[in-house]
1. Any residue in region 1-23 that's open to solvent by 20 Å² or more (accessible area, probe 1.4 Å): show its pairings with residues that are part of a loop (DSSP other than H, G, I, E, B) and small (G, A, S) at Cβ separation under 7 Å, as long as the two are six or more apart or on different chains.
2. Find the residue count for region 68-78, including only residues that are open to solvent by 30 Å² or more (accessible area, probe 1.4 Å) and either over 19 Å from L17 (Cα atoms) or of a type in the set (F, W, Y) (or both).
3. For region 91-109, which residues satisfy the criterion of being part of a helix (DSSP H, G or I) and among the hydroxyl-bearing types (S, T, Y)?
4. Can you pull out the residues in region 79-90 that are in a helix (DSSP H, G or I), surrounded by fewer than 21 Cβ atoms within 10 Å (Cβ to Cβ) and not basic (K, R)?
5. Do we have I31 as open to solvent by 10 Å² or more (accessible area, probe 1.4 Å), modelled with pLDDT of 95 or more and either out of contact with any helix residue (DSSP H, G or I) (no Cβ under 9 Å at 6 or more places or on another chain) or of a type in the set (V, I, T) (or both) here?
6. Of everything in region 54-67, what is touching a Gly at 6+ places or on another chain (Cβ under 9 Å) and either crowded, with 16+ Cβ neighbours inside 10 Å or under 22 Å from R193 (Cβ atoms) (or both)? Give them in sequence order.
7. From G42, G56, G8, G51, grab the single residue that is at positive phi, modelled with pLDDT of 95 or more and either of a type in the set (S, T, Y) or out of contact with any His (no Cβ under 7 Å at 6 or more places or on another chain) (or both).
8. In region 122-139, which residues are open to solvent by less than 10 Å² (accessible area, probe 1.4 Å) and among the small types (G, A, S)?
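The values are calculated or read from the model by the stated rules, or taken from the named source; none is laboratory data. Given the structure is predicted, the values throughout are model-derived calculations rather than measurements. All Cβ positions, even for glycine, are placed from backbone atoms using ideal geometry, and neighbour counts span all protein chains on display. Remember, those area values only see protein heavy atoms, side chains included, never the ligands or the DNA or RNA. Shrake-Rupley method; radii C 1.70, N 1.55, O 1.52, S 1.80 Å.
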Amino acid sequence: MLDANRAGAATVPAPGLYPHQWNWDSTFVAIGVSRCDTRRAGTELLSLLAGQWRTGMVPHIVFSRGLADAYFPGPSVWRSREHPAAPNGVPTSGLTQPPLHALATWWMWRHAKDREEARGLVRRLYPMLVAQHDYLTTARDLGGGGLAAIVHPWESGMDDSPVWDAPLEAVTPAFGAPGKEPFPDRYVWLAQRYRDSGYDPAYLRAEHPFAVEDPLFNGIWLASCQALAELAPLAGADPVPHREAAER
């Protein structure tokens, strides 16, 4: 199945329905193939991280060029090309997903048979992973207590789960009668509000109507902080900052 769903360097969730690269899905693919194919695991992560913004944010979708209109909301909704921090020529969404990537990289290293190949992949991935964690610390610790806030249900990895019904009930979109809109409309409205702010962290702190310190997201971030501490020596870096981040 994973071989059939390969599209160049990435694995898409479902070629007809979801023909782009999803952050959450690709990271699990990398974990899954690590036991048998180190190079493919590394390629999957590097392909995803080609969509990383200069802020360190790793988007939840990296769109396949030529298939932009095959999924909604597509690039025309997110407008990443208008943001100076977005990668040139790689259309992406403006949201992120749980930061499983350092843990996936550590898993790849742990199971690699060719240790030198794996070490080279770790060295390439490590600065991108550090930038991702720095982004969460600086832009998403909205409460100031060391936890990252998600600003849209899609950032949770659980998408349309009923767990978001209560937070969404508190969101009153700027159309229709409050409480009468279907939740999918609120999903798009939340994304558009964030987009129209220019994906500004200051806007998230001051105005954005959805900010949740999700235990799953933060538990994964903790595990990835611990994984970065294990990976740092392989990249010639100091593991102490990552241990301190995990403690926080």
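1. Pairs found: A7/S64.
2. Number satisfying all stated conditions: 2.
3. Selection gives T105 alone.
4. E82
5. Yes, satisfied.
6. Answer for region 54-67, where residues must be touching a Gly at 6+ places or on another chain (Cβ under 9 Å) and either crowded, with 16+ Cβ neighbours inside 10 Å or under 22 Å from R193 (Cβ atoms) (or both): M57, V58, P59, H60, I61, V62, F63, S64.
7. G56
8. A139
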